[in-house]
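Engineer: Quick one: this structure, given as structure tokens, is what I'll be asking you about.
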Amino acid sequence: QVQLVESGGGSVQPGDSLRLSCAASGRTFNPNNAAMAWFRQAPGKAREFVATIKLGAYYSDSVKGQFTITKADAGNTVYLQMNDLKPEDTAVYYCSAGRAFIATRPEEYDYWGQGTQVTVSS
């Protein structure tokens with residue numbers, strides 16, 4: 001099993017920055033083989049792909065140039081740096097782990113964290 005724990009969410013104003021963290025653990029988790037991703041889900045909307053990283057990073061068009069996904073701790077931690085936040089970035093952000101690189105659909109990921117709320121409001 002693989003456990004994913006997100007942190008770093010909060011309430012901010014438009015234009016602010018936040019960095020989300022995702023700590024991965026578990027006997028079957030192999031950071032050298034895992035594709036890690038961030039999704040988000042706003043109220044009443046479907047879960048939306050944000051970014052993924054494995055051999056490199058790949059972003060949705062809606063966050064390209066605004067968000068940055070990185071790995072640390074030998075791949076056991078994944079960050080999502082979010083800059084110039086906008087009200088439309090308000091959502092619950094989920095960390096996920098899978099195997100295929102550049103996978104953008106939720107069903108392509110095997111493991112999920114509990115989510116962390118990001119609220120952008122003036």
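The values are calculated or read from the model by the stated rules, or taken from the named source; none is laboratory data. Just so we're clear, the structure is a prediction, and the values are computed from it rather than from any experiment. Backbone-built Cβ (ideal geometry, glycine too); neighbour counts: all protein chains shown. Quick note on the areas: whole protein, heavy atoms, side chains included, nothing else; ligands and nucleic acids left out. Shrake-Rupley method; radii C 1.70, N 1.55, O 1.52, S 1.80 Å.
Engineer: The conditions are (1) under 14 Å from the mean Cα position of the chain (by Cα); (2) over 20 Å from residue 42 (Cα atoms); (3) open to solvent by 10 Å² or more (accessible area, probe 1.4 Å); (4) of a type outside the set (Val, Ile, Thr), and residue 105 fails exactly one of them. Which is it?
Structural biologist: (2)
Engineer: Would you point out the residue of segment 16-43, among those that are modelled with pLDDT of 95 or more and over 19 Å from residue 112 (Cβ atoms), that is nearest to the chain's Cα centre (by Cα)?
Structural biologist: 19
Engineer: Is there a residue being charged (D, E, K, R), touching a residue at least 40 places away in the same chain (Cβ under 8 Å) and either closer than 18 Å to residue 12 by Cα or surrounded by 18 or more Cβ atoms within 10 Å (Cβ to Cβ) (or both) anywhere in segment 79-86?
Structural biologist: yes
Engineer: Still on this structure, I have one more. Conditions: (1) surrounded by 17 or more Cβ atoms within 10 Å (Cβ to Cβ); (2) on the phi > 0 side of the Ramachandran plot; (3) in contact with a strand residue (DSSP E or B) (Cβ under 6 Å, 6 or more places away or on another chain). Residue 94 meets all but one. Number of the miss?
Structural biologist: Failed condition: (2).
Engineer: Is at least one residue of segment 47-57 farther than 16 Å from residue 104 by Cα, aliphatic (A, V, I, L, M), touching a residue at least 24 places away in the same chain (Cβ under 8 Å) and open to solvent by less than 50 Å² (accessible area, probe 1.4 Å)?
Structural biologist: Within segment 47-57, not a single residue is farther than 16 Å from residue 104 by Cα, aliphatic (A, V, I, L, M), touching a residue at least 24 places away in the same chain (Cβ under 8 Å) and open to solvent by less than 50 Å² (accessible area, probe 1.4 Å).
Engineer: Please go through segment 45-56 and give me each residue that is at pLDDT below 95 and of a type in the set (Gly, Ala, Ser), ordered by number.
Structural biologist: 56
Engineer: Of all residues in segment 1-15 being part of a strand (DSSP E or B) and closer than 15 Å to residue 117 by Cβ, which is most open to solvent (accessible area, probe 1.4 Å)?
Structural biologist: 11
Engineer: Pick from segment 26-46 the residues that are assigned to a loop (DSSP other than H, G, I, E, B) and basic (Lys, Arg): which of them is farthest from residue 79 (Cα to Cα)?
Structural biologist: 45
Engineer: In addition: Residue under question is residue 23, and the condition is that it be farther than 26 Å from residue 122 by Cα and assigned to a strand (DSSP E or B); does it hold?
Structural biologist: Spelling it out, residue 23 is indeed farther than 26 Å from residue 122 by Cα and assigned to a strand (DSSP E or B).
Engineer: So, one more: Let me confirm something: among 54, 86, which residue is closer than 20 Å to residue 120 by Cβ and basic (Lys, Arg)?
Structural biologist: 86
Engineer: Tell me the residue from 40, 27 that is among the basic types (Lys, Arg) and free of Cβ contacts under 8 Å to residues at least 40 places away in the same chain, please.
Structural biologist: That would be 27, the only listed residue that is among the basic types (Lys, Arg) and free of Cβ contacts under 8 Å to residues at least 40 places away in the same chain.
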